[in-house]
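K.L.:
First, the structure itself, so that you have it in front of you.
The values are calculated or read from the model by the stated rules, or taken from the named source; none is laboratory data. In this text, all values refer to a predicted model and were calculated from it rather than measured experimentally. Cβ coordinates were reconstructed from backbone atoms using ideal geometry, including for glycine residues, and neighbour counts include every protein chain displayed. The area values use the complete protein model at the heavy-atom level, side chains included, leaving out ligands, DNA and RNA. Shrake-Rupley method; radii C 1.70, N 1.55, O 1.52, S 1.80 Å.
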Amino acid sequence: CGIVLWNFFSGVLNATANSLPNNVHLITKIYCPRLVFPLATVIVGLVDLAVSLAVLAAVLAYYRIVPGMEVLLVPGFEAMATLVALTVGLWIAALSVRWRDIRFTIPVLLQAGFFASPVIYEVAAMIPGRLRTLYYLNPMAGVLEGFRWSLAGGAGFGWQALAISGPLTAILLVIALYLFRRVERTLPDHL
């Protein structure tokens with residue numbers, strides 16, 4: 001379950017971060033809101049996620065894993081993952097206008113994030129309680145944990161993760177939008 005959501009996150013993050021340099025021919029020729037390009041990559045990622053979820057549903061059915069009522073929370077966790085990917089992608093897209101090589105660090109950051117997030121392991125069993133608050137500053141930690149819990153069940157979900165990563169993501173999204181708007185004014189000059 002974690003790999004499906006992580007693949008969505010990493011795909012959207014890569015596409016969003018590269019959305020401005022990849023569309024330089026449109027940005028320099030016509031005027032349109034530049035935020036359209038990162039948002040378009042998110043929509044494409046959501047279509048890919050829908051296909052991946054269909055395959056995941058077949059795998060869960062094969063192994064006779066029947067989700068409970070928690071499955072109703074899956075769209076909320078998907079929305080949170082989308083916001084996190086868009087937030088980080090907007091940061092990198094805005095920074096890559098000024099520093100073009102920053103987008104080449106994305107694979108390294110995603111590899112580190114893969115191991116720093118509970119993609120293939122459960123946090124509750126591995127991290128002592130006093131360190132979990134610090135761990136949940138990683139916005140994807142709570143999202144992945146909740147997504148896995150809502151589909152496959154388990155020992156329960158620590159809502160502390162979303163209580164920390166939710167507001168943090170909202171604050172970072174506002175800052176990313178502000179940064180993107182500032183860069184957007186001079187975008188054709190730097191591309």
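K.L.:
Note the direction-averaged projected area, equal to a quarter of the hull surface, for the Cα convex hull of the chain, in nm². Walk me through the numbers on the way to the answer.
P.N.:
On the way: hull surface 44.3 nm².
With the hull built on Cα positions only, its mean projection is 11.1 nm².
K.L.:
Using only the alpha-carbon atoms, how far is helix 2-17 inclined from the longest principal axis of the chain? Give it as 0 to 90 degrees, nearest 10.
P.N.:
Roughly 10 degrees between the two axes.
K.L.:
While we're looking at this one, here's another question. Carbon and sulfur: what percent of the chain's accessible surface (1.4 Å probe)? Kindly include the intermediate steps, with their values, before the conclusion.
P.N.:
Values: 7060 of 10200 Å².
Heavy-atom surface of the chain belonging to carbon and sulfur, 1.4 Å probe: 69 percent.
K.L.:
From Cα pairs below 8 angstrom and at least 6 apart in sequence, can you work out the relative contact order of the chain, rounded to a whole percent? Mind showing how you got there, number by number?
P.N.:
Values: 205 pairs, mean separation 64.7, N = 191.
Rounded, it is 34 percent for the chain.
K.L.:
Given a 1.4 Å probe and heavy atoms of the protein chains only, how would you sort MET69, MET140, largest accessible area at the top? Please report the intermediate quantities before stating the final value.
P.N.:
Details: MET69 145, MET140 5 Å².
Most to least solvent-accessible, the answer reads MET69, MET140.
K.L.:
From the residues PRO38, VAL71, ALA161, which one has its Cα farthest along the dipole of region 20-171 in the positive direction, the dipole being from +1 and -1 charges on Cβ of Lys/Arg and Asp/Glu about the Cα centre?
P.N.:
Value computed over the given set: PRO38.
K.L.:
Please tell me the relative contact order of region 4-87 in percent, rounded to the nearest whole number, where contacts are Cα pairs under 8 Å and at least six residues apart. Before the final figure, lay out the partial values.
P.N.:
On the way: 48 pairs, mean separation 41.2, N = 84.
Rounded, it is 49 percent for region 4-87.
K.L.:
Full extension from ILE3 to ILE43: what is 0.36 nm times the residue separation minus their Cα-Cα distance, to one decimal in nm?
P.N.:
Going from the current span to full extension adds 12.5 nm.
K.L.:
Show me the ranking of peptides 172-185, 8-21 by mean Cβ neighbours inside 10 Å, starting with the highest. Intermediate values should be presented prior to the final figure.
P.N.:
Working: 172-185: 15.0, 8-21: 22.4.
Packing proxy ranking, top to bottom: 8-21, 172-185.
K.L.:
Which semi-axis lengths, in whole Å and largest first, follow from the square roots of five times the eigenvalues of the Cα gyration tensor of region 6-69? Walk me through the intermediate numbers first.
P.N.:
On the way: eigenvalues 248, 19, 13 Å².
After diagonalising the Cα gyration tensor, the semi-axes are 35, 10, 8 Å.
K.L.:
How many Å² of accessible area per residue for region 44-191, probe 1.4 Å?
P.N.:
Working: 8310 Å² over 148 residues.
Ligands and nucleic acids excluded, the figure is 56 Å² per residue.
K.L.:
Here's another thing I want to ask about it. Once you have a ≥ b ≥ c as the square roots of the Cα gyration tensor eigenvalues for region 111-181, tell me rounded if a/c is under 1.5, and otherwise prolate or oblate according to whether a/b is larger than b/c.
P.N.:
Working: a/c = 1.92, a/b = 1.89, b/c = 1.01.
Prolate shape, in that a/c is at least 1.5 and a/b is the bigger ratio.
K.L.:
So for the chain, taking the charge dipole from beta-carbon charges (+1 Lys/Arg, -1 Asp/Glu), which of PRO107, ALA81, SER52 sits furthest toward the positive end?
P.N.:
PRO107
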